[in-house]
1. Counting each pair of different Cα atoms once, what's the Kirkwood radius of region 129-182 in Å, rounded to one decimal?
2. Out of region 58-112, which GluC sites (Glu not before Pro) are coil in DSSP terms and have no more than 13 other C-beta atoms within 10 Å?
3. Once you have a ≥ b ≥ c as the square roots of the Cα gyration tensor eigenvalues for region 3-106, tell me rounded if a/c is under 1.5, and otherwise prolate or oblate according to whether a/b is larger than b/c.
4. Under a GNM of the chain (C-alpha, springs under 10 Å), which listed residue has the highest mean-square fluctuation: Gly52, Gly166, Gly42?
5. Can you tell me which aspartates and glutamates have their Cα less than 13 Å from the Cα of Lys61? Leave out same-chain residues fewer than eight positions away.
6. Test of the criteria: in region 124-182, which trypsin sites (Lys or Arg not before Pro) are in a DSSP loop and have at most 16 other Cβ atoms within 10 angstrom of their Cβ?
7. Using Cα-only point scatterers and the Debye equation, what is log10 of I(q)/I(0) for region 10-67 at each q in 0.30 Å⁻¹, rounded to two decimals?
8. Among the listed pairs Lys131/Lys172; Lys95/Lys131; Lys55/Lys125; Lys95/Lys133, which are separated by more than 18 Å between their Cα atoms?
Amino acid sequence: MSSTRDLSIPPVIKTSRPDTELATFAAGCFWSVELVFQRKHGVLQTQVGYTGGSKAEPTYKEVCAGSTGHAEAIRLEYDPKEISYNTLLTAFWNKHNPTQGNRQGNDLGSQYRSAIFYHSEDQRKLAEASKHKVQEDYEKPVTTEILPAGTFYPAEVYHQKYLEKGGQCAAKGSEENIRCYG
């Protein structure tokens, strides 16, 4: 039996222990979003990819063309005894401007939209409450979508830990400035 799976696509991460949870966020270019979460104590693993769209197994080129409906996103595994979901939400909100709709900075397109993909009812409730609270900080409406986590398609291997491979510090607790480049 042969496989047609593209070997440049890693398998999707799952929880590695029964006491850990998953979280999925979209906040613009996934390279810098991943590095933010790599640096958090209690985050056990990260993976960039695509979610929220309609095309199965999309490629980066297809997502960037805007035809799949997917957002560039990060999926992570975390230990809730070490880092709370609320702390992850704070990092998410602090990473981007949630009022920009289908863009972040100079990156334009629906793949750069702000979204929280929840994995449980508790995550949904916390996400909704945090969005309401964050709205108080902005005059413009917060456009962040809050949706159930669906199928997550890992991005190609060369996108995984891209900024770390480019020499930026991913050490836990690091507060070095993140430089995103394409």
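1. Values: mean 1/r = 0.0668 Å⁻¹.
Every distinct Cα pair counted, the radius reaches 15.0 Å.
2. Working: sites: Glu62, Glu72, Glu77, Glu82; in loops: Glu82.
Filter output for region 58-112: Glu82.
3. On the way: a/c = 2.34, a/b = 1.19, b/c = 1.96.
Oblate is the answer for region 3-106, as a/c is 1.5 or above yet b/c matches or exceeds a/b.
4. Most flexible of the set in this elastic network: Gly166.
5. Once the sequence-local aspartates and glutamates are set aside, what remains near Lys61 is Glu72, Glu156.
6. Values: sites: Arg124, Lys125, Lys131, Lys133, Lys161, Lys165, Lys172, Arg179; in loops: Lys161, Lys172, Arg179.
Here the trypsin sites (Lys or Arg not before Pro) that fit, given the DSSP loop and packing criteria, are Lys172, Arg179.
7. Relative scattering, expressed as log10 I(q)/I(0), comes to -1.41.
8. Working: Lys131/Lys172 26 Å; Lys95/Lys131 14 Å; Lys55/Lys125 28 Å; Lys95/Lys133 16 Å.
Pairs exceeding the cut-off: Lys131/Lys172; Lys55/Lys125.
The values are calculated or read from the model by the stated rules, or taken from the named source; none is laboratory data. Given the structure is predicted, the values throughout are model-derived calculations rather than measurements. Using ideal geometry, Cβ is built from the backbone for each residue, glycine included, and neighbour counts are taken over all protein chains shown. These accessible areas exclude ligands, DNA and RNA; they are computed on the full protein's heavy atoms, side chains included. Shrake-Rupley method; radii C 1.70, N 1.55, O 1.52, S 1.80 Å.
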